[in-house]
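Note sheet for the following structure.
Every number here is computed from the coordinates shown, using simple stated rules; none is lab data. A quick note: this is a predicted structure, and the numbers were derived from the prediction, not measured. Because the Cβ atoms are built from the backbone with ideal geometry, glycine has one as well, and the counts that use them run over all protein chains shown.
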Amino acid sequence: MNKKFKTKIDQLPRLFDQLADSEPKIRTNLANLPQKGVYAFFERSRPMYVGRSNRMKDRIMEHGRPKSDRYNATFAFRLAIEEAEKKGIDVNKPCAELEKDPSFAEVFSEEKKRVSQMQIRTVEVNDSLEQTLFEIYASVAFNTKYNDFTTH
């Protein structure tokens, strides 16, 4: 295995422990967050979604901001698709069209509010390659349902 890559991989369990053990925060109290790193949303102590950012506080806020679109509130959008299906809303259309559908928009709004009330855990990771590897590692280790690494 490539030595540089192995060094990065070997750090992942330590980073995971730091993330899992970090102090849970709520959206209204995001003081002392690292600027760059990986974050995880938790609902009732259950890990739901892992993300990464070089502007941590702003990115976390975007996920639950009422005016955020599907690009900024990706987690809430995934939750909204799941909830809309349960309510019988047709979600088998392009995302841009779905986002404009008034029935779906109402569900999307509810899910952004839901995300805004979740707890967040963070860990500082400054290196972009480590962030990328660790986001995947943490989502697999936490077994998050809403992370999706498919290409578009």
Given Lys86/Lys113; Lys3/Lys145; Lys57/Lys113; Lys67/Lys100; Lys86/Lys145, the pairs whose alpha carbons are separated by over 23 Å:
Lys3/Lys145
What FRET efficiency do you get for Asp127 and Glu85 if R0 is 35 Å and r is their Cβ-Cβ distance, rounded to the nearest 0.05?
0.40
Placed amide H near Tyr49: partners under 5 Å, 5+ positions off or other chain
Phe41
If we count every other residue with Cβ under 15 angstrom of Asn54's Cβ, Lys/Arg +1 and Asp/Glu -1, where does the sum land?
-1
Where the only charges are on Cβ atoms (+1 Lys, Arg; -1 Asp, Glu), what is the dipole of segment 35-118 about its Cα centre, to the nearest 20 debye?
540 debye
Given +1 on the Cβ of Lys and Arg, -1 on the Cβ of Asp and Glu, and no further charges, what dipole in debye does the chain carry about its Cα centre, rounded to the nearest 20?
380 debye
Quick one: grab Rg to one decimal and Dmax as a whole number for the chain, Cα atoms only, in Å.
16.2, 52
